[in-house]
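S.K.: Before I ask anything, here is the structure I am working with.
Here, each number is a calculation from the coordinates, and none is a lab measurement. No experiment lies behind these values; they were computed from the predicted model shown. Neighbour counts are summed over all protein chains in view; Cβ atoms, including those assigned to glycine, are modelled from backbone coordinates with ideal geometry.
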Amino acid sequence: MTDVPFETTLLVRDTCLCLAAQRAARALARRFDDAFRPLDLTNGQFSLLMALNRQRPPSIAPLAEFLAMDRTTLTAALKPLERRGLITVSVDPDDRRSRLLRLTGKGRGLLAKALPIWKEHHALLELQTGPADGLRRDLAKLARGTPDAQAPARDTSRALSALPCAD
């Protein structure tokens, strides 16, 4: 058995984009969960409701793709919203195998109450971090995936060995 040196752990901690994105996503999720708590809403539910706020109701597959979720996870996330009467799930008249997702009046009302909270907390974030347009562009690029994202792994040991490790 070969041990991974602690310096490698520090390297990953300090350079891993996936870890940094996960940590930032968790911190943002906690922040918005706290903000939406008085409405009995989570940040994920806010995002779902906002994604359903459109003129034509989407079906599950395109909504899952937009939210970068698998369909099973999305279906599970929709169930509490449906139980609360915030959304309806109905058979698509054009394709009986498909389901259409709609905000109810109650769902639109809750979204309207949540929006000022989102705006306030989002503005505070931008004050703390500065303009986030570049970050949004980069995150959107990552979410879309790039042709290189599917490329086979390359030997990056020389580049990695040049990175400083600090604890």
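S.K.: Which of the following residues is within 13 Å of the chain's Cα centre (by Cα), within 30 Å of LYS113 (Cβ to Cβ) and of a type outside the set (A, V, I, L, M): ARG37, ARG23? Lay out the reasoning, then the answer.
M.R.: Details: ARG37 fails: within 13 Å of the chain's Cα centre (by Cα).
Step by step, each of ARG37, ARG23 is checked, and only ARG23 is within 13 Å of the chain's Cα centre (by Cα), within 30 Å of LYS113 (Cβ to Cβ) and of a type outside the set (A, V, I, L, M).
S.K.: Same structure again: Of all residues in the range 54-80, which are in contact (Cβ under 8 Å) with a residue 40 or more places away in the chain and surrounded by 13 or more Cβ atoms within 10 Å (Cβ to Cβ)?
M.R.: Keep residues of the range 54-80 that are in contact (Cβ under 8 Å) with a residue 40 or more places away in the chain, which gives 57-60, 68.
PRO57, PRO58, SER59, ILE60 - these are the residues of the range 54-80 that are in contact (Cβ under 8 Å) with a residue 40 or more places away in the chain and surrounded by 13 or more Cβ atoms within 10 Å (Cβ to Cβ).
S.K.: While we're looking at this one, here's another question. With respect to ALA35, is the statement that it is in contact (Cβ under 8 Å) with a residue 40 or more places away in the chain and at positive phi true?
M.R.: Details: in contact (Cβ under 8 Å) with a residue 40 or more places away in the chain: yes; at positive phi: no.
Answer is no for this residue.
S.K.: Take the range 1-16 and flag every residue that is free of Cβ contacts under 8 Å to residues at least 12 places away in the same chain and hydrophobic (A, V, I, L, M, F, W, C).
M.R.: MET1, VAL4, PHE6, VAL12, CYS16
S.K.: Which residues, counting only those in the range 44-53, are surrounded by fewer than 20 Cβ atoms within 10 Å (Cβ to Cβ), under 13 Å from the mean Cα position of the chain (by Cα) and not small (Gly, Ala, Ser)?
M.R.: We begin by selecting, within the range 44-53, every residue surrounded by fewer than 20 Cβ atoms within 10 Å (Cβ to Cβ); these are 44, 47, 50-51, 53.
After this cut, where a residue has to be under 13 Å from the mean Cα position of the chain (by Cα) as well, the list is 44, 47, 50-51.
MET50, the sole residue that qualifies.
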